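Participant: One structure, as structure tokens, below. Some questions next.
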């Protein structure tokens with residue numbers, strides 16, 4: 001837990017003295033418990049931060065003010081972009097389409113290898129933000145002809161209320177929603193969110209408790225639970241595993257992860273191994289060797305996972321291979337679709353159904 005931001009506390013006191021409620025300035029958070037002496041416990045994620053008046057959680061964006069927990073980032077995105085859906089990465093969800101991507105600051109983990117640490121590890125007052133209501137976000141996505149909206153870049157769980165409201169309005173406007181997440185969320189909020197989320201990329205950072213506690217400040221079991229609940233709730237998801245040399249690249253760990261995925265989730269959820277590049281607090285670690293990624297790829301295939309990809313390197317596996325006839329049903333170059341051989345989600349060569357949600361764009 002971190003001390004409250006003096007400016008926010010002073011503003012709150014000023015507005016309260018003037019008869020203006022804090023709730024008119026900030027959005028009250030969901031999923032928290034009021035405790036004695038104006039303490040609160042945030043129940044959104046497994047960190048379950050207990051906060052005294054003025055404190056913020058480990059995420060930097062949820063603050064206790066006078067015994068009420070508030071989100072500091074509602075309507076305050078720090079990043080707005082239009083991306084190819086493949087960048088999330090999602091290879092089996094509306095391939096070739098554009099996705100309207102947004103994030104606020106904040107994250108409930110402190111991964112020492114974070115690629116977006118300049119915003120994920122920042123507080124609201126430390127960066128420049130935009131102002132955009134959920135209705136405005138949805139309208140922007142429609143104006144740019146995006147087929148979906150992605151909550152991404154940082155950890156969307158920490159801006160739960162904003163994400164939920166956008167997702168609900170998006171569904172009313174026939175837009176799909178995408179949750180790109182570390183999966184560190186408690187079950188009750190996840191099940192509430194699931195009714196308005198169409199697809200997710202869930203980051204399974206490693207497959208040992210030791211790796212999580214050493215590299216992320218989190219724990220493994222809550223992430224595994226998120227994967228299982230997402231399956232129960234009918235969210236289509238793909239899994240990403242960033243392979244870090246001497247961290248989570250042990251072949252035995254990778255095999256155990258693949259075995260768990262097949263036994264607990266099934267063999268049709270796509271798995272992306274991603275190449276690590278030195279960043280944030282892990283600049284002394286080399287980038288992942290191509291042979292390590294190739295080994296991980298082969299292990300996943302040996303464990304009979306049907307759809308395996310390797311990201312951040314273009315020499316191993318970008319294409320979607322039909323698990324039946326082994327022909328390339330989607331041919332890619334980076335984030336670009338070169339050839340789509342699917343017909344209503346089925347391989348046009350043999351008729352095999354490919355898991356995911358697909359569209360046939362008019363040429």
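Participant: When the chain is modelled as a GNM with alpha-carbon springs shorter than 10 Å, which of 31, 307, 237 fluctuates the most?
Facilitator: Looking only at 31, 307, 237, the largest GNM fluctuation is found for 31.
Participant: Shifting gears a bit: Residues of region 92-115 with amide nitrogen under 11 Å from the 7 Å Cα-to-Cβ point of residue 145?
Facilitator: 98
Participant: Let me ask something else. If each DSSP helix of 4+ residues adds -39,500 (n - 2.57) and the sum is divided by the residues in the chain, what number results at 222 nm, nearest 500 deg cm²/dmol?
Facilitator: One gets -7500 deg cm²/dmol as the mean residue ellipticity at 222 nm.
Participant: What does DSSP give for the chain in terms of the percent of beta bridges that are antiparallel, rounded to the nearest 5? Walk me through the numbers on the way to the answer.
Facilitator: On the way: 28 of 55 bridges.
Antiparallel bridges: around 50 percent, rounded to the nearest 5.
Participant: Quick one: in region 158-238, what % of C-alpha pairs are over 15 Å apart? Please list the in-between numbers first.
Facilitator: Details: 1810 of 3240 pairs.
The answer is 56 percent, as a whole percent.
Participant: For a quick check, take a GNM of the chain with Cα springs below 10 Å and name the residue from 283, 181, 129 with the largest mean-square fluctuation.
Facilitator: Judging by the Gaussian network model, the answer is 283.
Participant: Considering the Cα trace of the chain, what is its radius of gyration and what is Dmax, both in angstroms?
Facilitator: Gyration radius and largest Cα-Cα distance of the chain: 20.9, 71 Å.
Participant: Moving on. Helix 290-302 versus the longest principal axis of the chain: what angle, 0 to 90°, nearest 10, using Cα atoms?
Facilitator: 80 degrees
Participant: Using the alpha-carbon atoms, what tilt in degrees (0 to 90, nearest 10) does helix 251-264 show relative to the longest principal axis of the chain?
Facilitator: Computed tilt is about 80 degrees.
Participant: Sticking with this one: Report the extension gain between residue 290 and residue 232 in nm, rounded to one decimal, defined as 0.36 nm multiplied by the number of residues separating them, less their alpha carbon distance.
Facilitator: Between residue 290 and residue 232, full extension yields an extra 17.4 nm.
Participant: Follow-up. What percent do you get for the relative contact order of the chain when only Cα pairs under 8 Å and 6+ apart count? Numbers along the way, then the final one.
Facilitator: Working: 752 pairs, mean separation 43.1, N = 363.
Averaging sequence separation for qualifying contacts and normalising by length gives 12 percent for the chain.
Participant: Given the Cα-Cα distance of residue 133 and residue 328 and 0.36 nm per residue of separation, how much length would full extension add, in nm? Walk me through the intermediate numbers first.
Facilitator: Numbers: separation 195, 0.36 × 195 = 70.20 nm, distance 4.18 nm.
Extending this stretch completely gives an extra 66.0 nm.
Participant: Could I ask something else about it? Can you give me the angle between helix 160-172 and the longest principal axis of the chain, using Cα atoms only, in degrees from 0 to 90, rounded to the nearest 10?
Facilitator: That helix lies at roughly 60 degrees to the long axis.
Participant: Provide Rg over Rh for region 269-341; use the alpha carbon set for both Rg and the Kirkwood Rh (inverse mean inverse pair distance). Please list the in-between numbers first.
Facilitator: Values: Rg = 13.8 Å, Rh = 13.4 Å.
Reported Rg/Rh (Cα atoms, Kirkwood Rh): 1.03.
Participant: Would you mind computing Rg(Cα) / (2.2 N^0.38 Å) for region 205-363, counting N as its residues? Can you show the working numbers first?
Facilitator: Working: Rg = 16.5 Å, N = 159, 2.2 N^0.38 = 15.1 Å.
For region 205-363, the normalised Cα radius of gyration comes out at 1.09.
Participant: Which value results when the Cα radius of gyration for region 89-224 is divided by 2.2 N^0.38 Å? List each step's numbers first, then the result.
Facilitator: Details: Rg = 15.1 Å, N = 136, 2.2 N^0.38 = 14.2 Å.
Here the answer is 1.06, to two decimals.
Participant: Neighbouring Cβ atoms within 10 Å as the yardstick, rank 179, 117 fewest first. Please report the intermediate quantities before stating the final value.
Facilitator: Numbers: 179 27, 117 17.
Listed from fewest to most nearby Cβ atoms, that is 117, 179.
Participant: So what's the gap between the Cα centers of region 41-117 and region 186-229, to the nearest angstrom?
Facilitator: Spelled out, the Cα-based centre of one part sits 14 Å from the other.
Participant: Now for a different question. Cut-off 10 angstrom, C-alpha nodes, Gaussian network model of the chain. Which of 73, 180, 127 fluctuates the most?
Facilitator: 127
Participant: What ranking do 303, 131 get, fewest neighbouring Cβ atoms within 10 angstrom at the top?
Facilitator: Working: 303 20, 131 8.
So the ranking, lowest neighbour count to highest, is 131, 303.
We did not get these values from a lab; they are worked out from the coordinates using the rules stated. No experiment lies behind these values; they were computed from the predicted model shown. All Cβ positions, even for glycine, are placed from backbone atoms using ideal geometry, and neighbour counts span all protein chains on display.
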